[in-house]
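These notes concern the structure reproduced below.
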Amino acid sequence: MIRPEFFIKTLKENGIDCFAGVPDSLLKNICAYITDHCDAHHNIIAANEGAAVGIAAGHYLATGKPACVYMQNSGEGNIINPLASLTDEEVYNIPVLLLIGWRGRPGVHDEPQHVKQGKVTTGLLNVMGVNYEVLSKEEDKAEKQIAKAIKALQNKEVFALVIEKDTFEDYKLQKVEVNDLTMSREEAIQTVAAALGEKDCIVSTTGMISRELFEYRAGMNKGHERDFLTVGSMGHASQIALGIALAQPERRVWCFDGDGAAIMHMGSMAIVANKAPKNYVHVVFNNGAHDSVGGQPTVGLKIDLPAVAKAVGYKATYSVASKTELVSVLSKVNGFESPALLEVKVKKGNRKDLGRPTTTPIQNKEALMQFLKK
């Protein structure tokens, strides 16, 4: 495996000292090393992957030096627009180094939401005219691949290094941001889910939130037909929930969102507010971290999400940081003006033995659709 120190040192020796992106589980060791060894102006955890390409372009314009954009391969969709209409040689001709975690690589077992993306990862790069290398796990070979990437960047090209599982050696994040919150996300999810009415349904975002919701239902010996587990499509759960809420105005719809997901496509909040569904409750479980991919920080706890929601037109906003406060707010849910935003501030982390959904996405979809017919 490759030492994170070796990889980053090699990039810096070749003039790449600015990093931007969205953390990925396959890149968690390299992302942790970058966090510990780059200042806040040279490591920007972006709202989404396309925005990270924009940051990289700005850095190049100001310094003449390319930047490195890191992401999971699920983020390729977000970078297609800026790759085609910003960095492309026929537009502004701006070099960028892409570091892409290859989830769902063919032949490697992975979760359902990664399978399709794994199949098209390199194909998308080919279509976009982006040359790439699958980074070797041997440092001497990787060094030659990095040299190839640097040469491409010098020619003002975009180049991608595609990263397989277990490419980088373990590295534990030293700069851990600790909050003083006491309520766990899992406890908060259970508390909110227990307060739902019989006809209510939930659209839960990707990552730990959907996993914890699934385990709560299983632990209570209940079915999962009321929950849409958005195992992929990070940042879009609020719009799925909006689609259901507008189509079935007599049914209360809850969106269980995370701070990273809500920030990724924050403009969606304005659309929810503008459509003003009276049956919509947007719950953001905010721990200030991308918990599913190594705990890298978001700006979730540094911004006022309820103020954002209020500014774009949500009818009511609430923010709680304890179970007592949460129970108190939920006791008034039938009197909520909607759309409503409920921010639930929780501590980082999750149970080490947390499982994954045992139903397939299609089974989940079909069960929900049957429930929505009632």
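The values are calculated or read from the model by the stated rules, or taken from the named source; none is laboratory data. Quick caveat: nothing in here was measured; it's all calculated off a predicted structure. Glycine gets a Cβ as well: all are built from the backbone with ideal geometry, and neighbour counts include every protein chain shown. Keep in mind that these areas ignore ligands, DNA and RNA; they rest on the heavy atoms of the full protein, side chains included. Shrake-Rupley method; radii C 1.70, N 1.55, O 1.52, S 1.80 Å.
Mind pulling the angle between the C-alpha long axis of helix 4-13 and the longest principal axis of the chain? Nearest 10 degrees, somewhere in 0 to 90. Between helix and principal axis, roughly 50 degrees.
Residue ranges 353-361, 294-302 sort as 294-302, 353-361 when ordered by packing (mean number of other C-beta atoms within 10 Å per residue, highest first). Each Lys and Arg adds +1 at its Cβ and each Asp and Glu adds -1 at its Cβ; summed about the Cα centre, the chain shows a dipole of about 960 debye. The loop-placed GluC sites (Glu not before Pro) in region 40-107, going by DSSP, that have at most 11 neighbouring Cβ atoms within 10 Å of their Cβ come out as Glu90.
For the chain, the relative contact order works out to 16 percent when only alpha carbon pairs closer than 8 Å and six or more residues apart are counted. Taking amide H as placed 1.01 Å from N in the peptide plane, Tyr280 has its amide H under 5 Å from the amide H of Val253, Ala340, each at least 5 places away in sequence or on another chain. In units of the rule-of-thumb radius 2.2 N^0.38 Å, region 234-374 shows an alpha carbon radius of gyration of 1.07. Spacing of the modelled spin labels on Ala195 and Leu246, each 7 Å from Cα toward Cβ, amounts to 2.7 nm.
Peptides 153-159, 287-293, 220-226 ranked from most to least packed by the mean count of surrounding Cβ atoms within 10 Å: 287-293, 153-159, 220-226.
Between helix 237-247 and the chain there is an angle of about 40 degrees, using the helix long axis and the longest principal axis of the Cα atoms.
The H on the amide N of Ala47, modeled in the peptide plane, is under 5 Å from the matching H of no residue at least 5 residues off or on a different chain.
Computed over the alpha-carbon pairs of region 36-111, the distance histogram in 10 Å steps reads 18, 48, 25, 9, 0 percent, short to long. Each residue of region 121-131 is assigned a 3J(HN,Hα), and the resulting list reads 3, 6, x, 5, 5, 4, 4, 7, x, 9, 6 Hz, derived from the Karplus form 6.51 cos²θ - 1.76 cosθ + 1.60 (θ = phi - 60°), x at Gly and Pro. Looking at region 205-311, the accessible area is 35 square angstrom per residue; that uses a 1.4 Å probe and ignores ligands, DNA and RNA.
For Val203, the residues 5 or more places off, or on other chains, whose built amide H falls under 5 Å of its own are Phe228, Trp254, Cys255, Phe256. The alpha carbons of region 15-59 give a radius of gyration and a Dmax of 10.0, 27 Å, in that order. As a length-normalised measure over Cα pairs under 8 Å and 6 or more apart, the relative contact order of region 65-214 settles at 23 percent.
Along the axis of the charge dipole computed for the chain (Cβ charges of +1 for Lys and Arg, -1 for Asp and Glu, origin at the Cα centre), the listed residues Gly232, His42, Pro357 are led at the positive end by Pro357. For region 291-308, 3J(HN,Hα) computed residue by residue from phi via the Karplus equation (6.51, -1.76, 1.60; θ = phi - 60°) reads 5, 6, 10, x, x, 4, x, 10, 8, x, 8, 9, 10, 9, 4, x, 5, 4 Hz, glycine and proline entered as x.
Over all other residues within a Cβ to Cβ distance under 10 Å of Gly295, the charged ones net out to 0, with Lys and Arg as +1 and Asp and Glu as -1. For region 263-373, the relative contact order is 33 percent, taking Cα pairs closer than 8 Å that sit 6 or more residues apart in sequence and dividing their mean separation by the residue count. Taking 0.36 nm per residue of sequence separation and removing the Cα-Cα distance, the Lys222/Asp110 pair yields an extension gain of 37.7 nm. Computing FRET efficiency as 1/(1 + (r/R0)^6) for Asn126 and Thr324, where r is the C-beta to C-beta distance and R0 is 51 Å, gives about 0.40. Here the spin labels are modelled as points 7 Å beyond Cα on the Cα-Cβ line, and at Thr63 and Glu169 they lie 2.6 nm apart. Positive end of the dipole of the chain (Cβ unit charges, origin at the Cα centre): among His114, Met183, Ile30, the Cα lying farthest that way belongs to Met183. What the Kirkwood sum gives for region 151-228 is a hydrodynamic radius of 16.9 Å, with every pair of different alpha carbons counted. Using a 1.4 Å probe over the heavy atoms of the protein chains, calculate the carbon and sulfur portion of the accessible area of the chain as a whole percent. Of the solvent-accessible surface of the chain, carbon and sulfur hold 51 percent. Counting Lys +1, Arg +1, Asp -1, Glu -1, what net charge surrounds Leu372 among other residues with beta carbon under 14 Å of its beta carbon? With Lys, Arg at +1 and Asp, Glu at -1, the neighbours total +1.
Rounded to the nearest 10 degrees, the inclination of helix 28-37 to the longest alpha-carbon principal axis of the chain is 70 degrees.
Annotation for region 85-130 versus region 173-204: alpha-carbon center distance of 32 Å. Global size of the chain: 21.3, 64 Å for Rg and Dmax (C-alpha atoms, Rg to one decimal, Dmax whole).
Could you tell me what % of all Cα pairs in region 43-188 have separations over 28 Å? Percentage above 28 Å: 26. Basic side chains Lys and Arg get +1 at the Cβ, acidic Asp and Glu get -1 at the Cβ, and with that the dipole of region 251-311 about its Cα centre reaches some 400 debye.
For region 348-355, the Karplus equation 6.51 cos²θ - 1.76 cosθ + 1.60, evaluated at θ = phi - 60°, returns couplings of 6, x, 7, 4, 5, 9, 5, x Hz by residue, with Gly and Pro reported as x.
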